[in-house]
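Notes for the one structure printed next.
The values are calculated or read from the model by the stated rules, or taken from the named source; none is laboratory data. The structure presented is a predicted model; accordingly, all values stated were derived computationally and were not measured. Please note: Cβ atoms are built from the backbone with ideal geometry, for glycine as well, and neighbour counts cover all protein chains shown. Ligands, DNA and RNA are excluded from the accessible area calculation, which covers all protein heavy atoms including side chains. Shrake-Rupley method; radii C 1.70, N 1.55, O 1.52, S 1.80 Å.
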Amino acid sequence: MLAVLWIFFTPYPSPLTLDAWAAESLIIAASPGLARPIEALSRRFESTHPQVRVRVSYDSALSLRQTIATVENRGPYFIGTGPIHLIAPGGDELIARLQQKYYVLPGTTTTYASVPLALVVPESLVDAPASFEAAARDTRIRIAIADPELTALGQETIRFLEAASWGRNLTGRLDIAADAAGVLDHLLNGKADVAIVSGPDAAREQERVRVIDVASGSAGSIKVHSMAMERTCPNRALCREFLEWIRTAEAQAVLRGLGYGPPPHGRADAAAH
């Protein structure tokens, strides 16, 4: 009798509730600086994999390393809510350190994006140089860049310009700003005619600036981004599928829209099986 009453009065779950209950979770531990690309990739992956829910937790490199060490030493549960599947730090240095400690499953590191340098002008500017080379060779053009002594962006910008043998044409024409935000401020306030920033920074400011050229090749890339599988990942098949998917044309189109470039040639073409 009690069993009959329990069945009768227990609310029947809706199809939406059943779908949420049945969904497979994929948990990514990522750097806060990658929130835009990771969220965009996650939502697109979910749209083509309706039985998967991607959850992302963001933290600094040091905190990610400490969290993963705790997972390895105390058990495969992340902040008491579930396991970590994938690791997506802001740079590959952390992945290399985790590999040394065998916190990352060997052979799973997958490089999925690069951060290119972009040449930008104010959106309202009509008569603009057509390329990096045109801007460098026109001695009338002032170029805003980030401080090479204080920022990675500035260091890579100088390295790129020197590699292209434009150095002697730039004497007295470089406008140095403290950081990427400063570079854009100098450009928009008329202190420079063009500016060199990262592709993602340019994409975030697309209502105010226009990209006229993007550097190609390793000499024009600030850094690359990779993901890797955490050693205790409970669903390696799902992780491999995600790692392979982020290299597909569909995923790369998502990243390109956010200002990222393709992974460099010769870098981890796919997750190892």
* Asked: Is one or more of the residues making up region 23-45 charged (D, E, K, R) and modelled with pLDDT under 85?
  -> no
* Could we say that LEU258 is more than 25 Å from GLU93 (Cβ to Cβ) and surrounded by fewer than 23 Cβ atoms within 10 Å (Cβ to Cβ) here? -> no
* Structure fact -> Residue set THR157, THR139; condition assigned to a helix (DSSP H, G or I), of a type outside the set (A, V, I, L, M, F, W, C), closer than 19 Å to VAL121 by Cα and in contact (Cβ under 8 Å) with a residue 12 or more places away in the chain; output residue THR157
* Within region 123-162, considering residues that are of a type in the set (D, E, K, R) and over 25 Å from the mean Cα position of the chain (by Cα), the one nearest to SER221 (Cα to Cα) -> GLU162
* Asked: ASP185 passes all but one of (1) without any contact (Cβ under 8 Å) to a residue 24 or more places away in the chain; (2) part of a loop (DSSP other than H, G, I, E, B); which number fails?
  -> (2)
* Within region 240-256, which residues are of a type outside the set (Asp, Glu) and assigned to a helix (DSSP H, G or I)? -> ARG240, PHE242, LEU243, TRP245, ALA249, ALA251, GLN252, ALA253, VAL254, LEU255, ARG256
* **Subset tally (residues that are open to solvent by less than 40 Å² (accessible area, probe 1.4 Å), in contact (Cβ under 8 Å) with a residue 40 or more places away in the chain and assigned to a helix (DSSP H, G or I)) for region 142-154** => 1
* Structure fact -> Note on region 107-131: residues part of a strand (DSSP E or B) and of a type outside the set (A, V, I, L, M) are THR110, THR111, TYR112, SER114, PRO116, PRO122
* Report yes if ILE95 is open to solvent by less than 10 Å² (accessible area, probe 1.4 Å), over 30 Å from THR157 (Cα atoms) and modelled with pLDDT under 90, otherwise no. => no
* Asked: Does region 163-170 contain any residue that is within 23 Å of the chain's Cα centre (by Cα) and open to solvent by 30 Å² or more (accessible area, probe 1.4 Å)?
  -> no
* Report the residue count in region 136-173 for those that are of a type in the set (A, V, I, L, M, F, W, C) and under 16 Å from VAL197 (Cα atoms). => 11
* Structure fact -> Exception for ALA202 within (1) part of a strand (DSSP E or B); (2) open to solvent by less than 10 Å² (accessible area, probe 1.4 Å) falls at (1)
* Asked: Do the conditions hold for LEU125, that is, is it closer than 23 Å to ALA181 by Cα and out of contact with any Leu (no Cβ under 9 Å at 6 or more places or on another chain)?
  -> yes
